[in-house]
Amino acid sequence: AKDPVRVLVTGAAGQIGYALVPMIARGVMLGTDQPVILHMLDIPPAAEALNGVKMELVDAAFPLLKGVVATTDVVEACTGVNIAVMVGGFPRKEGMERKDVMTKNVSIYKSQASALEKHAAAGCKVLVVANPANTNALILKEFAPSIPEKNITCLTRLDHNRALGQISERLSVPVCDVKNVIIWGNHSSSQYPDVNHATVATPSGDKPVRELVKDDVWLNAEFITTVQQRGAAIIKARKLSSALSAASSACDHIRDWVLGTTEGTWVSMGVYSDGSYNVPAGLIYSFPVTCQNGEWKIVQGLPIDEFSRKKLDLTAEELSEEKALAYSCLN
Ligand code: NAX
């Protein structure tokens, strides 16, 4: 039998945490043959709720779950973890300035970076979910210099999956037949959902999405805004932000990163830019990636047309601004 993998979920008493921890305990993230020990962190006001989640995990009697650590102590939470899913953060409340929210999150991610750096297992893989996800991941990277930058990522897989879902609905095809959409840039409404290289499996082979949809006006406008604004649409409908889809996508992100992507298929991940596609180096930016042997690699050489170029640059600009704002919040 395999040794258990320790998975940290921060903000585990929250909405996404509640959907995510049972998925991890069932093997959705790391495979149904991989035992796990869950580490759950939240802040003292949520300690009782966190303990309630722990009670439910015990009650569910998950065969793969070999232990649960539920704590408000960052060091205890981070000790020995192999995977860290950072869902905890300070939400933007009505009337709050962007700078105030950034200040709170910069200070959270700075201190959690140090705890991970000192206490996580060697080779720990980090996924930041909490918003502003790209910039929180960047701060975490800056303050955990001994964690290799390739081990620090942020979640844009939910946006990627939303794009697959929209194409699947539009064409009435199973979502598993759609592949190779791309989310470029920030996990914010400036992101660019790109279908120019996406295909759909048909009995006569893979066909370009553009050829099948036959409606460039829809693809260049409504499709893009629907994906960009999907989070807001969920809030409007549910009076709560997306949780099950966010949790499921976080599992997809880690599973593909650890176990690899399928030949011929790429996924979107927020990763540290090396300047590929003329995206400024030093930002955490969402790119198309393939994964093998536990490492992601940016898909190279895709042609970028003028329409896309502008959108790639616009979301990069927003990330550069966020980065500057984050740095101005450091003290
Ligand atoms: P909730 O407010 O339900 O849960 C957040 C939890 O984090 C709370 O239990 C809170 O006590 C805890 N927390 C706050 N500060 C903490 C700290 N310093 N250490 C540990 N825990 C801390 O939010 P939820 O709906 O679960 O969303 C969590 C985060 O995910 C938010 O930042 C949200 O904006 C972000 N999202 C990101 C998505 C993505 O695709 N990247 C999509 C979904 C989601 O909106």
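The values are calculated or read from the model by the stated rules, or taken from the named source; none is laboratory data. Note that this is a predicted model, so its numbers are computed, not measured. We place every Cβ from the backbone using ideal geometry, glycine too, and count neighbours over all the protein chains shown.
Take LEU41 and tell me if it is touching a residue at least 60 places away in the same chain (Cβ under 8 Å), under 22 Å from the mean Cα position of the chain (by Cα) and within 16 Å of the ligand (Cβ to nearest atom).
no
Does ALA47 qualify as being within 11 Å of the ligand (Cβ to nearest atom), touching a residue at least 60 places away in the same chain (Cβ under 8 Å) and among the small types (Gly, Ala, Ser)?
Answer is no for this residue.
Tell me the strands (runs of 3 or more DSSP E) entirely within segment 1-119 that contain at least 2 residues that are modelled with pLDDT of 95 or more, more than 29 Å from ALA324 (Cα to Cα) and not aliphatic (A, V, I, L, M).
65-71
Which residue, of MET96, MET29, is within 16 Å of the ligand (Cβ to nearest atom) and within 24 Å of THR153 (Cβ to Cβ)?
MET29
Listed residues VAL21, VAL36; which is in contact (Cβ under 8 Å) with a residue 12 or more places away in the chain and within 15 Å of the ligand (Cβ to nearest atom)?
That would be VAL21, the only listed residue that is in contact (Cβ under 8 Å) with a residue 12 or more places away in the chain and within 15 Å of the ligand (Cβ to nearest atom).
Per-residue answers, yes or no, for (1) touching a Lys or Arg at 6+ places or on another chain (Cβ under 9 Å); (2) within 20 Å of VAL258 (Cβ to Cβ):
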| position | (1), (2) |
| --- | --- |
| GLU76 | no, no |
| VAL81 | yes, yes |
| VAL85 | no, yes |
| GLY89 | yes, no |
| ARG92 | yes, no |
| LYS99 | no, no |
| TYR109 | no, no |
| ALA130 | no, no |
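Has segment 189-197 got any residue that is under 16 Å from TRP266 (Cα atoms), assigned by TED's automatic domain parsing to the domain that holds SER276 and surrounded by fewer than 20 Cβ atoms within 10 Å (Cβ to Cβ)?
Checking segment 189-197: at least one residue is under 16 Å from TRP266 (Cα atoms), assigned by TED's automatic domain parsing to the domain that holds SER276 and surrounded by fewer than 20 Cβ atoms within 10 Å (Cβ to Cβ).
Determine if segment 76-85 includes at least one residue that is charged (D, E, K, R), under 17 Å from GLN112 (Cα atoms) and either within 11 Å of the ligand (Cβ to nearest atom) or in the same structural domain as SER242 (by TED's automatic domain parsing) (or both).
Within segment 76-85 (the criterion being charged (D, E, K, R), under 17 Å from GLN112 (Cα atoms) and either within 11 Å of the ligand (Cβ to nearest atom) or in the same structural domain as SER242 (by TED's automatic domain parsing) (or both)), the answer is no, since none of the residues qualifies.
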